[in-house]
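Inspection log for the structure reproduced underneath, given as structure tokens.
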Amino acid sequence: MSDVPHELCVAPMMERTDRHCRHLLRLLAPNVWLYTEMITAKALVNGDRERLLKFAAIEHPVALQLGGADPGELATAAAWGEAAGYDEINLNVGCPSGRVQAGCFGAALMREPALVADCVAAMRARVHVPITVKTRIGVDHDDSYELLHAFARGVIDAGCATLIVHARKAWLSGLSPKENREIPPLEYARVHRLKRDSPNVEIVINGGFTDVAAVEAERGRVDGVMLGRAAYDRPMLIAELDHRRWSGSASPGLEQVRARALRAFVRYVDAELASGTSLKAMTRHLMGLYAHERGGRVWRRALSALGDGAAGLRGLRALVAARVADSCIERDDLDTMASPQLQYS
Ligand SMILES: Cc1cc2nc3c(=O)[nH]c(=O)nc-3n(C[C@H](O)[C@H](O)[C@H](O)COP(=O)(O)O)c2cc1C
């Protein structure tokens with residue numbers, strides 16, 4: 001699993017890419033890399049580790065993203081992640097939130113390249129799965145290409161297998177995390193140059209990708225593209241990218257991919273409800289499934305109006321049945337569709 005290239009990835013996003021979201025994305029896009037929300041090493045040390053690390057086998061390939069700056073603690077957290085079955089451990093060196101800075105990690109760590117290298121080396125020494133790093137192109141006025149290149153060299157020499165670069169810098173004060181994802185300009189050329197200067201290292205570009213053409217234009221410039229907000233707000237974009245890249249001409253069309261995913265997700269919801277998960281925790285991730293399409297608003301409104309528990313599930317079933325009835329999918333095909341694997345790793 002660790003040999004799967006990172007051509008297409010969905011970004012780690014707090015309060016978004018939880019296991020329910022990842023389940024849906026996997027049903028839509030069989031080949032993309034998925035990332036957890038950031039989990040701090042401290043939370044794993046002090047919190048409910050089993051709950052925090054829980055995921056379903058269908059999610060592979062899936063990476064655990066860790067936050068932290070203590071090499072020993074990160075190494076322990078990475079070992080727990082590997083034992084839980086994750087395919088990769090990713091270190092977050094890109095988050096500019098004040099809360100994260102107070103713990104002196106995230107983007108603030110770009111100022112501490114030797115410490116980041118120590119963290120990577122400590123994790124590398126403890127686990128067999130790849131260690132990867134997600135970073136920005138710089139912070140504040142420390143934003144020259146030379147600093148980025150030196151930072152990259154340090155983590156690569158310490159054992160980082162893949163570098164994911166959000167192609168904008170972060171301002172550590174004065175901007176909110178949301179503003180820090182919008183205001184600093186995107187500088188893709190820096191990431192392309194980093195790839196040219198590091199031909200033997202897998203480099204994934206991130207930031208601002210919202211359409212097929214822009215993603216496909218990156219082929220040959222970098223090794224992969226990671227999408228965040230667009231993948232969440234419009235999951236059919238990820239389905240389309242996966243489909244264009246990996247599906248043969250004999251494979252079903254996108255409409256059938258969506259219909260199958262919806263039917264399988266309803267079965268997943270059914271099983272999860274039985275083990276106590278709330279319906280809304282899962283259906284909230286379906287909101288964007290018809291985004292930018294006719295009927296998208298009606299779909300969202302109907303999802304929002306669902307109750308919880310068995311009644312909500314009945315409503316969801318009816319909603320999905322009405323939608324997939326139009327998708328020219330054969331009933332036999334639906335009935336023989338494999339159920340998602342619900343055993344947890
Ligand atoms: C709601 C939200 C939560 C995020 N949480 C994380 C996180 O936990 N770890 C991380 O490395 N980046 C996080 N990010 C940043 C994204 O991973 C990504 O780098 C950023 O959104 C830029 O990519 P995009 O333009 O495709 O959205 C988050 C972004 C959003 C919108």
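A short reminder: the numbers here are calculations on the coordinates, not readings from a lab. Values in this document were obtained by computation on a predicted structure and should not be read as measured data. Reconstructed Cβ throughout: ideal geometry from the backbone, glycine too, with neighbour counts over all protein chains shown.
A few comments on the model shown:
- For the stretch 254-335, size of Cβ-based charge dipole, Lys and Arg +1, Asp and Glu -1, in debye: 420 debye
- Exposure proxy ranking, count of Cβ atoms within 10 Å, fewest first, for ASP118, ASP142, ASP87: ASP142, ASP118, ASP87
- Extending 7 Å from the Cα toward the beta-carbon at both ASP48 and SER278 defines two label points whose distance is 1.3 nm.
- Of all aspartates and glutamates in the structure, those lying under 12 Å Cα to Cα from LYS42, and not within fewer than 8 positions of it along the same chain, are ASP70, GLU73.
- The chain, helix-only ellipticity at 222 nm - DSSP H runs n ≥ 4, -39,500 (n - 2.57), divided by all residues, nearest 500: -13000 deg cm²/dmol
- Trypsin sites (Lys or Arg not before Pro) within the stretch 153-185, DSSP loop, no more than 10 other Cβ atoms inside 10 Å: LYS178
- For trypsin sites (Lys or Arg not before Pro), the sites in the stretch 242-299 that DSSP calls loop and that have at most 13 other Cβ atoms within 10 Å are ARG294.
- Global geometry of the stretch 8-246, whether rounded, prolate or oblate, following the gyration tensor of its Cα atoms and the 1.5 cut on a/c: rounded
- Segment GLU15..ASN31, full-extension length gain: 3.5 nm, with 0.36 nm per residue of separation and the alpha-carbon distance subtracted.
- Amide H to amide H distances under 5 Å link LEU172 with ASP140, where only residues 5 or more positions off or on other chains count and H is placed in the peptide plane.
- Dipole of the stretch 192-233 computed with +1 at Lys/Arg Cβ and -1 at Asp/Glu Cβ about the Cα centre; of HIS192, VAL212, GLY224, farthest Cα towards the positive end is HIS192.
- Alpha-carbon centroids, the stretch 158-207 and the stretch 281-316: separation in whole Å: 34 Å
- Antiparallel beta bridges, as assigned by DSSP with both residues in the chain, represent about 5 percent of the total such bridges.
- The mean sequence distance of close C-alpha pairs (under 8 Å, at least 6 residues apart), as a share of the length of the stretch 155-222, puts its relative contact order at 40 percent.
- Taking a ≥ b ≥ c as the square roots of the eigenvalues of the Cα gyration tensor, the stretch 100-162 is classed as oblate, since a/c reaches at least 1.5 and a/b does not exceed b/c.
- Nearby aspartates and glutamates by direct alpha-carbon distance to LYS169 (threshold 17 angstrom, same-chain neighbours under 8 apart not counted): GLU112, ASP140, ASP142, ASP143, GLU146, GLU179, GLU182, GLU187
- ARG99 paired with VAL212, simple spin-label distance in nm, labels 7 Å along Cα-to-beta-carbon: 3.8 nm
- Degrees between helix 188-197 axis and first principal axis of the chain (Cα, 0 to 90, nearest 10): 60 degrees
- The stretch 230-295: GluC sites (Glu not before Pro) in DSSP coil with no more than 11 other Cβ atoms inside 10 Å: GLU293
- Exposure proxy order (Cβ contacts within 10 Å, fewest to most) of MET123, MET13: MET13, MET123
- Taking all Cα pairs closer than 8 Å and separated by 6 or more residues, the relative contact order of the chain comes to 18 percent.
- For the stretch 114-244, radius of gyration divided by Kirkwood radius, i.e. Rg to Rh on alpha-carbons: 0.98
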